[in-house]
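Peer 1: What follows is a single structure, and I will ask about it in a moment.
Bear in mind these aren't lab numbers, they're just calculated from the coordinates by the rules spelled out. Keep in mind the model is a prediction, meaning the values are calculated, not measured. Using ideal geometry, Cβ is built from the backbone for each residue, glycine included, and neighbour counts are taken over all protein chains shown.
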Ligand code: HEC
């Protein structure tokens, strides 16, 4: 009986070890370089404070008024242009998932560092798996 317990104990350790390494692996595959949980949390806080009013908690937006960030072909393909829009504001016509948008997004007023956090959050939230941006990349984006 005791032996069984010992075997069971090692089996549990084995399970934990496996699930731990799986997690790490999938993070690396998805993100290239790992975004820390704490950066995702900070990005989420910025999102809830500065973006959620229009793009909604689910990132789905409101068709024809506020474009979606979740499953957005625009965000996936034109990440730099999207950063520019959030950095400086935008009211030019754009198309997201085949639907036209031409309303106003005011400049976010965020620092480059905050833009990195909020973008890495939206690039990797909901079902998005759109990679990540660096501070150098965001800082290089000019009007
Ligand atoms: C006042 C409402 C509002 C707020 C707040 C807002 N947006 Fe937007 N956002 C818009 C609108 C409207 C557009 C389309 C702008 C256009 O037509 O030029 C847009 C476009 C975008 C796009 C590009 C299109 C897409 O759907 O992929 C991204 C990315 C984006 N916003 C991210 C953000 C982020 C990140 C924040 C918070 C820092 C934010 N937005 C805050 C209204 C808003």
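Peer 1: Between residue 135 and residue 54, how high is the FRET efficiency from 1/(1 + (r/R0)^6) when r is the Cβ-Cβ distance and R₀ = 35 Å? Nearest 0.05.
Peer 2: The pair residue 135/residue 54 has a calculated efficiency of 0.90.
Peer 1: Under 15 Å from a label point 7 Å along Cα→Cβ of residue 62: give me every residue in the stretch 89-126 with its amide N that close.
Peer 2: 101-106
Peer 1: Please work out the FRET efficiency for the pair residue 41 and residue 143, using the Cβ-Cβ distance as r and a Förster radius of 22 Å; give the result to the nearest 0.05.
Peer 2: 0.15
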